Amino acid sequence: MNPTSTAQAAAAQSAAAHAPAAGPTAAAQVLPPPPLLSARGLSRRFGPGCDLCIELTGDAGATSRCPACGTVVAVHDVSFDVGAGEVLGIVGESGSGKTTLLSLLHLDTPADAGSMVVDGYGDLLRSRTSDAELRRSAVVMVHQNSLAAGLAPRLAAESNVAERLLRTGCRSFAEARARSQDLLAELGIHPSRHTDPLETFSGGMAQRVQLARALVNPPRVLLLDEPTTGLDPSVQADLLESVQRVTDRLGSATVVVSHDLEVIRILADRVLVIHFGRVVEDGIPEQVFDDPQHPYTQLLVASRLR
Ligand SMILES: Nc1ncnc2c1ncn2[C@@H]1O[C@H](COP(=O)(O)OP(=O)(O)O)[C@@H](O)[C@H]1O
Ligand SMILES: [Mg+2]
Ligand SMILES: [Zn+2]
């Protein structure tokens, strides 16, 4: 074999090894975006704990409470990545560990184990940066109840949003106001309402103001806890559409938790099903909801259809 054909053979072999079927361009296209948020092995128990907690809970024991010591294994060994502009949905029934998981990600509750790497910040669970500083731009939570979220009911809607910008370093009041108005309008609040006090707003509208406040200084990671619970179904769909449009444009990594499969189906690019604090199934929503593999997911889907 002459040197040229050896080189050609090597090149062909290498190309085949790197791009088995579809060629290099197609292979590059299916690569997911680099994650903004990488969670690994997140775990949290409530109680003293014992050697049997993990073995006796979850599917094996059909409970999240350890029968030996009474400890609740609220979240166990949860891992995921979320890329820029991507929405990860987490679905599970009441008590499955959704709020605990979000509170670990928002650093409200310390994790027992695991890591949470946010692009540009390292592992936030071991970070020395203050929580307040992190929440300015790294990780922002939108709560289920907008009144519990630190909004001022007597203040104009746009001032509730602008206040966050001014607190996070924007020096010009006019600029803060203009950016707040733009975002409120994008989220579906008519300009004629921007100066009205928040307390005159419906639940769905107040939720849009909370979202605008969370996003006006775009965070790396946006956490949504049951964002549409308690709202009219028609308002829900419209709100979810606005959320999707804005998160897409801003490129935050979004984690949304809900007990409502429909919310996850509309919003999420990928879904984790959580049961007794463990991930029992994951995939794209169409696949998980149309062809559920785990008995718990099958039950969730069936009860939704009943
Ligand atoms: N502070 C706490 N102390 C003791 N148990 C808790 C605490 N917070 C949550 N739990 C328990 O952890 C489990 C998961 O709760 P939670 O995360 O609120 O579930 P979800 O949001 O899915 O309804 C439940 O069994 C709950 O009772
Ligand atoms: Mg909850
Ligand atoms: Zn135990």
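Per-structure values
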quantity: Within region 65-83, tally of residues that are more than 23 Å from the chain's Cα centre (by Cα) and either in contact (Cβ under 8 Å) with a residue 24 or more places away in the chain or within 15 Å of ligand 1 (Cβ to nearest atom) (or both); calculated: 7
quantity: Filter result for the condition that a residue is under 15 Å from the mean Cα position of the chain (by Cα) and free of Cβ contacts under 8 Å to residues at least 40 places away in the same chain, over 284, 274; calculated: 284
quantity: Tally of residues being within 16 Å of ligand 1 (Cβ to nearest atom), over 15 Å from residue 253 (Cβ atoms), among the aliphatic types (A, V, I, L, M) and in contact with a Leu (Cβ under 7 Å, 6 or more places away or on another chain) across region 102-151; calculated: 3
quantity: Residue check, residue 213 surrounded by fewer than 18 Cβ atoms within 10 Å (Cβ to Cβ) and in a helix (DSSP H, G or I); calculated: no
quantity: Cross-chain or 6+ apart pairs with Cβ under 7 Å, region 41-59 first and without any contact (Cβ under 8 Å) to a residue 12 or more places away in the chain, then away from ligand 2 (no atom under 16 Å from the Cβ); calculated: none
quantity: Looking only at region 44-63, and only at residues there that are closer than 17 Å to residue 103 by Cα and surrounded by 18 or more Cβ atoms within 10 Å (Cβ to Cβ), the one that is nearest to ligand 3 (Cβ to nearest atom); calculated: 45
quantity: Search result, residues across region 148-160 that are assigned to a helix (DSSP H, G or I) and under 21 Å from the mean Cα position of the chain (by Cα); calculated: 148, 149
quantity: Residue 273 in contact with a strand residue (DSSP E or B) (Cβ under 7 Å, 6 or more places away or on another chain) and either within 16 Å of ligand 3 (Cβ to nearest atom) or at pLDDT 90 or above (or both); calculated: yes
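The values are calculated or read from the model by the stated rules, or taken from the named source; none is laboratory data. This structure is a prediction, so every number in the text was calculated from the model and none was measured. Glycine also receives a Cβ, built like all others from the backbone with ideal geometry; neighbour counts cover every protein chain displayed.
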